[in-house]
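This report concerns only the one structure given below.
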Amino acid sequence: GAGVSQSPSNKVTEKGKDVELRCDPISGHTALYWYRQSLGQGLEFLIYFQGNSAPDKSGLPSDRFSAERTGGSVSTLTIQRTQQEDSAVYLCASSFTDGAEAFFGQGTRLTVV
Amino acid sequence: QKEVEQNSGPLSVPEGAIASLNCTYSDRGSQSFFWYRQYSGKSPELIMSIYSNGDKEDGRFTAQLNKASQYVSLLIRDSQPSDSATYLCAVSPYGNNRLAFGKGNQVVVIP
């Protein structure tokens, strides 16, 4: 596609439910990044993919968070047993290769009630 | 020491003036440096990339990189109200290709 696409744009879920966030990177981009941004805060790194592998998972805040990427393309971020502190905007970015310019999707605003 | 630091508080500049933003980074082997602009409620937008020491100009924006001093800066000339946003510095550390971001600097251009 023309840009990074994330879905859904907004998600409201009840505490304790699982949610799945999707990121469709720019075609041909091998690197994919997930970040989280709480209201008024900076970007918190979650996980990075090169192809289908994740060399850096250091940012995942707990074992309730997991992510996968298939076919070197679409990635899904799954949050199990959501908590209110998980409420944030989840941003995905992709780049042609490591260290190259990264472009962001519009984000998914997650609200846990 | 944080990977990427942007320490200045909100910056208010009159319309037409130059806005200057600074960023320092801890990994001396970092190779790639970026500036992003983020409007309130929107996702970050890439405005500048720089890879070599010196200056890089693109329209009203100039990025400056000094690897010896481990800092990168952004100048916005002839500031416009539409430049009012948060500016994020990002660095790709050596051997770890995730992109590390600073907390950002808010710029307010006063008409």
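Each value in this text was obtained by applying a stated rule to the coordinates, not by laboratory testing. Computed from a predicted model, the values in this text were never measured in an experiment. All Cβ positions, even for glycine, are placed from backbone atoms using ideal geometry, and neighbour counts span all protein chains on display.
Quick notes on this one:
- Sole residue being away from chain B (no Cβ under 14 Å) and either buried (at least 21 other Cβ atoms within 10 Å of the Cβ) or closer than 21 Å to A:Q106 by Cβ (or both), chosen from A:T70, A:T78: A:T78
- Residue in segment B:49-64 that is nearest to A:D98 (Cα to Cα), counting only those that are surrounded by 16 or more Cβ atoms within 10 Å (Cβ to Cβ) and either more than 14 Å from every other protein chain (Cβ to nearest Cβ) or touching a helix residue (DSSP H, G or I) at 6+ places or on another chain (Cβ under 6 Å) (or both): B:Q64
- Residue within segment B:90-109 that is surrounded by fewer than 20 Cβ atoms within 10 Å (Cβ to Cβ) and away from chain A (no Cβ under 14 Å) present: yes
- Boolean, A:D63 is more than 16 Å from B:R98 (Cα to Cα) and surrounded by fewer than 21 Cβ atoms within 10 Å (Cβ to Cβ): yes
- The set of residues in segment B:7-65 being touching a Ser or Thr at 6+ places or on another chain (Cβ under 9 Å) and among the β-branched types (V, I, T) consists of B:V13, B:I18, B:T24, B:I50, B:T62.
- Residue within segment A:23-42 that is surrounded by 14 or more Cβ atoms within 10 Å (Cβ to Cβ), away from chain B (no Cβ under 12 Å) and of a type in the set (S, T, Y) present: no
- Of the residues making up segment B:1-14, not a single one is farther than 25 Å from A:F103 by Cβ, of a type outside the set (K, R), loosely packed, with under 12 Cβ neighbours inside 10 Å and touching an Asp or Glu at 6+ places or on another chain (Cβ under 9 Å).
- Among the residues of segment B:21-41, those that are in contact (Cβ under 8 Å) with a residue 24 or more places away in the chain, surrounded by fewer than 16 Cβ atoms within 10 Å (Cβ to Cβ) and not aromatic (F, W, Y) comprise B:S26, B:R28, B:G29, B:S40.
- Listing of strands (runs of 3 or more DSSP E) fully contained in segment A:1-102 that carry 3 or more residues being of a type in the set (G, A, S) and touching a strand residue (DSSP E or B) at 6+ places or on another chain (Cβ under 8 Å): A:88-95
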